[in-house]
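Reviewing the structure listed below.
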Amino acid sequence: MSQRLRSVSLVLRALTAVPVLLLLSGCDLNFWRMEGHQSTMFAEGPVARTQLELFWVTVWVTLFIFVVVGAVLAYATIRFRARSEADEHAEPPPQGHGNPLIELGLIGASVLALVIIAVPTVKAIWSTYDVAETDRKDALEITATGYQLWFKFEYPSEMAALDSAGAKAPLVTGNELVIPVGKPIRIHLRTVDVNHSFWVPKLAGKVDMTPNRRNLLWLKADRPGYFWGQCAEYCGDSHAVMRFRVIALAPKDYADWLQQQQTLGREVALKPADAAKPKIQVAALRSFRTNETGVSAKFDLDPLKSWQAKQLPEKGEDSALISQGRQLFASKTCNACHTVRGHGAMGVQGPDLTHVGARSTIGAGLLENNSEQLRRWLRDPESVKPGNKMAKAYRDNKISLSNEEQVALVAYLESLK
Ligand code: CUA
């Protein structure tokens, strides 16, 4: 094959790669824009924006160097290539000491490139480390604690009711961090066990949660939104599905949410009509694969709206089922690990469930919080998220739930708005 034919075939082969790439990406425009739930390419707050800008400075500087060096290399390779048999066996040309002007110029250019990257890097390190001193008094302080395999969020400045006698303690939630828009959020990062890492790609990240040490991270959301978070440090079997959410609300909506969260667990009075209803046989839940996604397309269409819909009590609540579920929560010893303020459950091993019905996800952001997925989780937590502590508690204490018990517990948990 002649030289020219070979080049043509090479170009043709390279061109066939384009449709293959398009096919692999499902022709998804978002794939090319690098848009997704956990994309760092779409910053929604000042900290993520600073990090993104720094990324682009580094990309442009290194791309410029790559193009210049590549061009010189290509020129030299083509210009000085062997053109004949004699060229290939020729003596090397006389060796020189190089050109001092070019050498000094290259040293100068390298230093300049490093300075162009270093200045914004140092500025970014300072500005993302902590809230500016002038804004610190306005910041909302949060303590985020990593557990294998979920996140606890504590609001030290917001007191919540502990019992009907008036006792109070700082508000605690699990796996969903709700924040007001436009306010700097100063997050103290801790862990109770191994290393975890706190990362909300569109808002800020990532900073490790390290044993016996407090690390700091801050973020701010520009607008109301629903943001995906992820543990970014290997921490156990289900590290990849140790997720969380950040929900940013307008100040008024945030105040409403906070007020509701500060109340005790919701009481649902037993209605005589519900109590008189005959018990029905409950069918077994269908089976799922390990780690099978538990989020519906409808939920993902507008996750913030889906989250808002969870704040109101479900339609058609069955008060008899809820009260049976509440009894099971104690008799099956769920209360040994979980807190439901005002319902006599004060366990602290697992997430606080006082208002679990008002969260959009369960299982550390893995499943949508609906009755099917909640039941799937209660039935066999190990098959959903291998290595979690709830599955171990089931094994150690020989806990199992009948179909009827699963449904009653689901009704109770869903009533906790
Ligand atoms: Cu926690 Cu990975």
Check your understanding: Nearest 20 debye, what's the magnitude of the dipole of the chain about its Cα centre given +1 on Lys and Arg Cβ and -1 on Asp and Glu Cβ?
Key -> 560
Review point. Which sequence of 18, 348 reflects their accessible areas, 1.4 Å probe, from the largest down?
Key: 348, 18
Point to revise | For residue 262, residues with placed amide H under 5 Å, excluding near neighbours | key: none
Exercise for review: Using the Karplus curve 6.51 cos²θ - 1.76 cosθ + 1.60 with θ = phi - 60°, work out ³J(HN,Hα) for each residue of segment 78-86 in order, rounded to whole Hz, and write x for Gly and Pro.
Suggested key: 6, 4, 10, 6, 6, 9, 8, 4, 4
Practice item. Taking H placed 1.01 Å from N in the peptide plane, check which residues at least 5 places from residue 250 or on another chain put their amide H under 5 Å from its amide H. Key: 181
Study note, to complete from the structure: Cα-Cα pairs in segment 171-235 separated by more than 19 Å, as a whole percent of all pairs, come to 31
Check your understanding: What does the accessible area of residue 371 come to, in Å² to the nearest 10, when a probe of 1.4 Å is used?
Key -> 60
Check your understanding: Can you list the HN-Hα couplings for segment 272-284, worked out from phi with the Karplus curve (6.51, -1.76, 1.60; θ = phi - 60°), rounded to whole Hz and with x for Gly and Pro?
Key -> x, 4, 5, 5, 7, 5, x, 5, 10, 6, 9, 6, 5
Review point. Taking a 1.4 Å probe, which of 42, 55, 198 shows the most accessible area, and what order do the others take after it?
Key: 55, 42, 198
Check your understanding: Residues of the chain: accessible area per residue at 1.4 Å, in Å²?
Key -> 57
Practice item. With springs connecting C-alpha atoms under 10 Å apart, model the chain as a Gaussian network and identify which of 269, 161, 345 has the largest mean-square fluctuation. Key: 269
Check your understanding: Can you give the accessible area of residue 395 in Å² (nearest 10), computed on protein heavy atoms with a 1.4 Å probe?
Key -> 140
Point to revise | Shape category assigned to segment 282-417 from the gyration tensor of Cα positions, a/c cut at 1.5 | key: rounded
Revision key, fill the gap. Output ordering of 329-336, 62-69 (per-residue mean of other Cβ within 10 Å, highest first) is 329-336, 62-69
Exercise for review: Over segment 96-195, with every protein chain in place, what whole percent of the accessible area is carbon and sulfur at 1.4 Å, could you tell me?
Suggested key: 66
Exercise for review: Divide, for segment 41-198, the radius of gyration over alpha carbons by 2.2 N^0.38 Å, where N is the residue count.
Suggested key: 1.87
Review point. Can you give the relative contact order of segment 99-251 as a percent, counting alpha carbon pairs under 8 Å and 6+ residues apart?
Key: 22
Exercise for review: Over all alpha-carbon pairs of segment 77-164, lay out the pair-distance distribution in 5 Å bins, whole %, shortest bin first.
Suggested key: 2, 8, 7, 8, 9, 9, 8, 6, 6, 5, 5, 5, 5, 6, 4, 2, 1, 1, 1, 0
Check your understanding: Amide H of residue 158: which non-local residues (sequence gap of 5 or more, or other chain) have their own amide H closer than 5 Å, using H built in the peptide plane?
Key -> 171
Study note, to complete from the structure: Restricting to lysines and to Cα separations under 19 Å from residue 279, and discarding same-chain partners fewer than 8 apart, the set is 271
Study note, to complete from the structure: With every protein chain in place, the accessible area of residue 339 for a 1.4 Å probe, in Å² rounded to the nearest 10, comes to 20
Practice item. Largest first and to the nearest Å, give the Cα extent of segment 376-415 along each principal axis. Key: 27, 18, 14
Point to revise | Distribution of pairwise C-alpha distances over the chain, 20 Å bins, in % | key: 21, 44, 21, 11, 3, 0
Check your understanding: Whole-Hz Karplus ³J(HN,Hα) for segment 157-167, in order, using 6.51 cos²θ - 1.76 cosθ + 1.60 and θ = phi - 60°, x for Gly and Pro?
Key -> 8, 10, 8, 10, 5, 9, 8, 6, 7, x, 5
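The values are calculated or read from the model by the stated rules, or taken from the named source; none is laboratory data. Here the structure is a predicted model, which is why all the values come from computation and not from measurement. Positions of Cβ are backbone-derived with ideal geometry, glycine not excepted, and every protein chain shown enters the neighbour counts. All accessible areas refer to the heavy atoms of the entire protein, side chains included, with ligands and DNA or RNA removed. Shrake-Rupley method; radii C 1.70, N 1.55, O 1.52, S 1.80 Å.
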